[in-house]
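Each remark here refers to the structure printed beneath this line.
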Amino acid sequence: MQKAFKVTLTPNHKQEVLINKSIGCARFVYNHFLALKQELYLNRSKTLNYNACSQRLTLLKKEVEWLQEVDKFALQNSLRNLETAYKNFFADLKKVKGRKNLGFPKFKKKHASKQSYKTNLTNGNIQIIQNRLKLPKMGWVRFHKSQDITGRIINVTVTRTSSGKYIASILCETEIEKHFQVAQNIGLDL
């Protein structure tokens, strides 16, 4: 079973700058490929899938150098989110015929109320020791610990709220505790 643990991060100034860059780069990649998909569809009636976008992302990172400063998983997950948005749009379109622009993917805004990026666990790039969280390209970030984080880490989503707080949602794979078998039945009168 997967369970998410939310913690409030307390990053230093360098880490805040890198979190903001990661959020901005993920938004840039999402918007860039959304515009590219729209342009290709209007001109050639074709679209790009995730693999084609991922190959173009590698070329884009060579052209736009500041994309190399952030975690690569943040950019790849932004492409996955775009692919999911497109699939959901066409699935909804099949359900309700005759309506235009029903849930079509929108460009992400810089001043939205909630902005985030997601990074995946690979080769121990995400770790937790006491009240510190290790994130790729960022190092150890302190957080307020209110509960024990148990299980195997899958990914982390870092969110900047409208009030300027940074929240990390840590998704973990946990074991389900089995309860003992009860031999007797009980009745409840409500």
Return the calculated 222 nm mean residue ellipticity for the chain, to the nearest 500 deg cm²/dmol, obtained by summing -39500 (n - 2.57) across DSSP H runs with n ≥ 4 and dividing by the residue count. -13000 deg cm²/dmol
Applying the Karplus parametrisation 6.51 cos²θ - 1.76 cosθ + 1.60 with θ = phi - 60° to the phi angles of region 85-90, what ³J(HN,Hα) value in whole Hz is obtained for each residue in order, glycine and proline being reported as x? 4, 5, 5, 5, 4, 6
Read phi for every residue in region 119-124 and hand back ³J(HN,Hα) as whole Hz from Karplus 6.51 cos²θ - 1.76 cosθ + 1.60, θ = phi - 60°, with x for Gly and Pro. 10, 9, 7, 8, 6, x
The chain: equivalent-ellipsoid semi-axes (sqrt of 5 x gyration tensor eigenvalues, Cα, Å): 34, 27, 16
Counting Lys and Arg as +1 and Asp and Glu as -1, each charge on the Cβ, what is the dipole of the chain about the Cα centre in debye, to the nearest 20? 820 debye
Helix 50-63 axis, angle to the chain major axis (alpha carbon atoms, nearest 10°): 70 degrees
Would you please give the FRET efficiency between TRP140 and THR58, computed as 1/(1 + (r/R0)^6) with r the Cβ-Cβ distance and R0 = 35 Å, to the nearest 0.05? 0.75
Order HIS13, HIS32 by their accessible area, 1.4 angstrom probe, all chains in place, largest first. HIS13, HIS32
Round to the nearest 10 and give me the degree value, 0 to 90, for the angle of helix 13-44's Cα axis relative to the longest principal axis of the chain. 50 degrees
Quick P(r) readout (region 1-53; Cα-Cα; 5 Å bins; whole %) gives 4, 15, 14, 14, 12, 12, 13, 8, 6, 1
Could you pull the Cα extents of region 144-190 along its three principal axes, largest to smallest, in whole Å? 53, 31, 16
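The values are calculated or read from the model by the stated rules, or taken from the named source; none is laboratory data. Predicted model only: the values in this text are computed from it and were never measured. As a convention, Cβ positions derive from the backbone with ideal geometry for all residues, glycine included, and neighbour counts pool all protein chains shown. Calculation scope for accessible area: heavy atoms of the full protein, side chains included, ligands and nucleic acids excluded. Shrake-Rupley method; radii C 1.70, N 1.55, O 1.52, S 1.80 Å.
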